[in-house]
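Colleague: Quick one: the structure is below, questions incoming.
Coordinate-derived values only; no laboratory data. All of these numbers come straight from a predicted model, not from anything done at the bench. Don't worry about glycine lacking a Cβ; one is built from the backbone with ideal geometry, like all the others, and counts go over all protein chains shown.
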Amino acid sequence: MPGNPLPSESGGSAGASPSRMEPMMPGNPLPSERLARLQADGLAGARSRLLRQAGIARRRCVLDVGCGWGHVSHELSRRSAGCVIAIDVLQPALTYGLAQTRARAAGRRGGDVYHVRADATRLPLEDAACDLVFVQCVLLWLTHPREALAEAVRVLQPGGALVALEPDFGGLMAHPPEYDLRSLWLDVLRRCAADPLVGRRLPDWLRQVGLAVETRFLDRLEPADATYLELLDELPLTSAQQQQVADVRAAWSARAEPPTVHLPYWLVLGWKR
């Protein structure tokens, strides 16, 4: 790692303005800690394989962009050979993540995790400061995702890797048809100023900022989990949409077997030459 890439100590604030994410609901700018953890757990297998392909075990400085509650930051620390810089613009999440870091430090598990309040489009890092940049379920919420990717490339060393896992709600599939909430997801995410189709755009965006790109997809269909309906509960649904979700939830609980529901994720590796 070339010198000290950080402008402040662990848990410090870079003082950037919060533009990573608009609040999904008033006073609730993040998914709940519980749902964020369940989401991270659900992507654990795919994330593990992607990180291994990116050479996580030899990476000396990992940047976790939009770390949220920090559920993946400590996994990155445990698997890498150096430190993790976990950034987010939302101080409550960083405060929670810092508390978790101190608890883990007491047990001597993993390397250093530095928590920094920062905007993904204005990273407080030196050029070529990191050798791996990690992004998961963040770009869909960004106002300027391409600017954030350009910043990620700036701080990435030659030979470094960018690892991204982003959903594509335009490809959401469900059967029987009464469980198909694709149109609802597309509508509510767009009303939140999110991009529900960000996954399919990502490979081309990364090529445009100069990375060599490899794209993968989930390799298995897992049993559907009704938890994804709880995510909708944290979004600003109309009254009609609330009733639609309630109807789906009631039908789901009455089934002996879960319906088929699949949300495609684009699993992308970008390599800096």
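Colleague: Could you pull out every residue, at least 5 positions away or on a different chain, whose amide H is within less than 5 Å of the one on Asp119? Hs are placed 1.01 Å off N in the peptide plane, and Pro or chain starts have none.
Modeller: Result for Asp119 returns Ala16.
Colleague: Here's something else I'd like to know. Asp233 versus Trp252, label points 7 Å from Cα toward the beta carbon: distance in nm?
Modeller: 1.0 nm
Colleague: Rounded, prolate or oblate for region 138-273? Axes are the square roots of the Cα gyration tensor eigenvalues, ordered a ≥ b ≥ c, and the cut-off for rounded is a/c under 1.5.
Modeller: prolate
Colleague: How would region 43-86 be classified by its alpha-carbon gyration tensor: rounded, prolate or oblate, with rounded meaning a/c under 1.5 and the a/b versus b/c comparison settling the rest?
Modeller: oblate
Colleague: Multiplying the sequence separation of Gln243 and Thr95 by 0.36 nm and subtracting their Cα-Cα distance, what value in nm do you get?
Modeller: Residue separation times 0.36 nm, minus the Cα-Cα distance, leaves 49.7 nm.
Colleague: Work out, step by step, the length gained on full extension between Asp41 and Arg200: first 0.36 nm times the residue separation, then minus their alpha carbon distance; give nm to one decimal.
Modeller: Taking Asp41 through Arg200 to full extension adds about 55.0 nm, to one decimal.
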